[in-house]
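In what follows, a structure is listed as structure tokens, so that the remarks can point back to it.
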Amino acid sequence: MACGSTLAIKEKKNYPETPESGQFMRSTMLDMDSRLRVACAIEKDETQASIGVFQTLKQRGHPDGPPPTISDGWGGIDEAMIEVYGLVPDYCGRGRPPTRKQADTDWLYLQMVKQRDEHGHFAGSKLKAIFGTLEELTQLLGKVTAYIERSNLTSRLFNGRQTRKTLAFSKDLNCCRAAATWEDGYYNLVRPHKSLRQSVVNVPGRRWNPRTPAMAAELTDHIWTVMELLSAIPLKC
């Protein structure tokens with residue numbers, strides 16, 4: 001599993017910061033192998049958005065702890081892991097009883113922090129082990145997050161509500177969440193992903209077998225149509 005970076009979703013300029021208006025953040029979790037978007041959340045800050053993602057994951061196959069995760073340098077993901085999965089240690093009998101949740105020793109979380117020069121240009125990246133050792137993290141998760149950046153770009157292309165300085169920019173939180181749910185459903189089930197295609201042998205005139213992330217994750221055996229998606233019950237974002 002790999003945790004995608006949170007995306008800024010700001011409302012109209014000078015809107016008051018209220019529960020329904022102002023600046024919001026979107027956090028999305030991708031599966032590294034299938035590129036499936038397994039969870040997303042839109043909240044007032046990156047920590048709350050990440051908490052929403054891990055709460056969803058807790059209900060979708062990860063009840064005891066977070067999956068091994070890699071992300072960019074956005075903050076809040078480690079705090080979200082502790083909030084959702086952390087436990088208060090047992091009292092050892094000395095001093096004050098512990099009250100704060102702590103991470104488990106087997107958690108794995110790697111950050112890839114971008115470095116920029118004085119002009120704001122990209123100057124490289126630095127790996128930062130948050131939970132686990134750097135060696136075991138890079139061996140398991142790799143050192144590249146290009147698929148996360150690609151997913152963020154695809155998200156902005158698919159969802160005009162996330163494109164800044166345009167008339168399509170989202171001004172209603174409920175509509176923004178609905179658009180994100182539709183976008184993720186289309187991405188997972190309808191749109192074939194080029195990196196997931198499989199070569200075809202002994203079929204004249206056909207070289208590739210296209211696949212969607214949901215097919216790669218073995219959640220379906222075919223590419224869905226838009227009508228099929230519209231006829232299904234959408235997952236909550």
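The values are calculated or read from the model by the stated rules, or taken from the named source; none is laboratory data. Since the model is a prediction, treat every value here as computed from it, not as a measurement. Ideal geometry is used to build each Cβ from the backbone, glycine not excepted, and the neighbour counts take in all protein chains shown. Each accessible area value is taken on the protein alone, full model and side chains, heavy atoms only, with ligands, DNA and RNA left out. Shrake-Rupley method; radii C 1.70, N 1.55, O 1.52, S 1.80 Å.
Counting every alpha-carbon pair across the chain, the share separated by more than 33 Å comes to 25%.
In this simple spin-label model, placing a label point 7 Å from the Cα along the Cα-to-Cβ direction at both ARG116 and THR181 gives a separation of 3.4 nm. Once you reduce region 191-227 and region 104-143 to the center of their Cα atoms, the two points are 32 Å from each other. Output the antiparallel fraction of DSSP beta bridges having both residues in region 55-168, as a percent to the nearest 5. Roughly 75 percent of the DSSP beta bridges within region 55-168 come out antiparallel. Across region 39-56, computed HN-Hα scalar couplings (Karplus, 6.51 cos²θ - 1.76 cosθ + 1.60, θ = phi - 60°) run 6, 8, 8, 10, 9, 6, 9, 5, 5, 5, 5, 5, 4, x, 5, 6, 5, 5 Hz from first to last residue, x flagging Gly and Pro. For the chain, a crude dipole built from +1 on the beta carbon of Lys and Arg and -1 on the beta carbon of Asp and Glu, taken about the Cα centre, is about 820 debye to the nearest 20. Computed per residue of the chain from DSSP H runs no shorter than four, each worth -39500 (n - 2.57), the mean residue ellipticity at 222 nm is -9000 deg cm²/dmol. For region 142-187, the residue among PHE158, ALA146, TYR187 whose Cα projects farthest onto the positive side of the dipole built from Cβ charges is ALA146. Temperature 20 °C, viscosity 1.002 mPa s: under these conditions the Stokes-Einstein estimate for region 89-130, based on its Kirkwood radius over C-alpha pairs, is 153 µm² per second. When all alpha-carbon pairs of region 142-185 are counted, what percent fall beyond 15 Å? Above the 15 Å cut-off, region 142-185 has 47 percent of its Cα pairs. Contact order for region 146-200, expressed relative to its length and based on alpha carbon pairs under 8 Å spaced 6+ residues apart, stands at 22 percent.
Counting pairs of Cα atoms in region 74-170, how many percent are more than 20 Å apart?
Here the tail beyond 20 Å accounts for 61 percent of pairs.
Relative to the current alpha-carbon distance between LEU127 and TYR147, full extension at 0.36 nm per residue lengthens the span by 5.5 nm. Label reach from GLN102 (point 7 Å along Cα→C-beta): in region 119-161, amide nitrogens under 16 Å belong to 131-132. Within the chain, which is the longest segment that contains none of the GluC sites (Glu not before Pro) sitting in a DSSP loop with at most 14 other Cβ atoms within 10 Å? Answer from the scan: 119-217.
Evaluated over the Cα positions of region 168-237, the convex hull gives a direction-averaged projected area, one quarter of its surface, of 6.4 nm². Here the Debye sum runs over all C-alpha atoms of region 102-237 as equal scatterers in vacuum, and log10 of I(q)/I(0) at q = 0.18, 0.21 Å⁻¹ comes out as -1.16, -1.19.
Over the chain, accessible surface divided per residue gives 60 Å², non-protein components excluded, 1.4 Å probe.
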